[in-house]
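Step one of this worksheet: look at the structure below.
Since every read-out is calculated from the coordinates, none of them should be taken as a lab result. The structure displayed is predicted, hence computed values, not measured ones. Because the Cβ atoms are built from the backbone with ideal geometry, glycine has one as well, and the counts that use them run over all protein chains shown.
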Amino acid sequence: MTAPASSPAPARPTPARRPLITSRQLTNVVSHGYIWFCLVVFVLPFLALLSYSITGASTAAGATFAVENFMNAITGFGDNLLWSLKISAFTLVINLLVSLPAGYAIVRHEFPGKRILFSVLTLPLYVPAAVIGISLVLTYNFTYHLTTSMWGLVLAMALGTFPLMLTPLVVALKDLPVVFEEAAECLGATKWQTYRRIVLPLIGPGLSAGLLLCFIIVFNEYLVTLFVHPPGLTTAPLRVFNQIRTAGLSPTTAALAVTMQVISFAAVLLFFRLFGTRHLKGTYLL
């Protein structure tokens, strides 16, 4: 009698192969690649300008090299850089003196037409610089006669950048609860003490953001300056524009442009460093 045939053992399921790269890892790779791609796209023009500024240029007197290009930019265009810094400093002071009380009044007080007034005050943000320049030329020539004064250029810069100072202050004041001011007044503080010791430090992020934006815009502005600058006053951006228009882009002009970029970048770093204090520490700082 033959033994019954044994049934075959059931086959074990084949374990699923683990993918070489998960979807999460793929997403991270694509995200990092996109960030680096954007970085290269935005930084490449500046690197190209820097590369051109350090190349030699053949002239009638011989060849000029990187050190000579930057020395010429610092010595030959030093007055233009100084004018840019002066105009920026005066503009920041005017914007600060006007925006602080204006922003506080807009946020803390109710009056008819407040929304319309704020929209009108921010109008320069939406008007082309050429339109602002033409309007200022007409105003200065027929009303205030400021075409030959440095203050005409300062006021023009303040007009164009005033909303950049006002808007961050309004946002910061709207985010500041009024109970802080009420508590200070209940403890005996005056209106000025409350504003100086309570409100001003707490709106530091908005204040620092407005100052930084205004400086960067004013220091690099040339189109409005082209319309209203007085004779004998040429800022660094306007000098770069005039040099390119008349003589083309020479390595010396490129060196001046690179110097302006370095000053702007250094100003940003220095600004973050100085305003990282207990009174004006922006929450957005890294």
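Stretching L47 away from W192 to a fully extended chain increases their span by 47.3 nm, per 0.36 nm per residue minus the current alpha-carbon distance. When you filter the trypsin sites (Lys or Arg not before Pro) in the stretch 107-164 for DSSP loop state and at most 14 other Cβ atoms inside 10 Å of their Cβ, nothing is left. Computed from the Cβ-Cβ distance with R0 of 35 Å, the FRET efficiency linking L26 to L200 stands at 0.10.
Treating r as the C-beta distance of K114 and L82 and R0 as 51 Å, the FRET efficiency rounds to 0.80.
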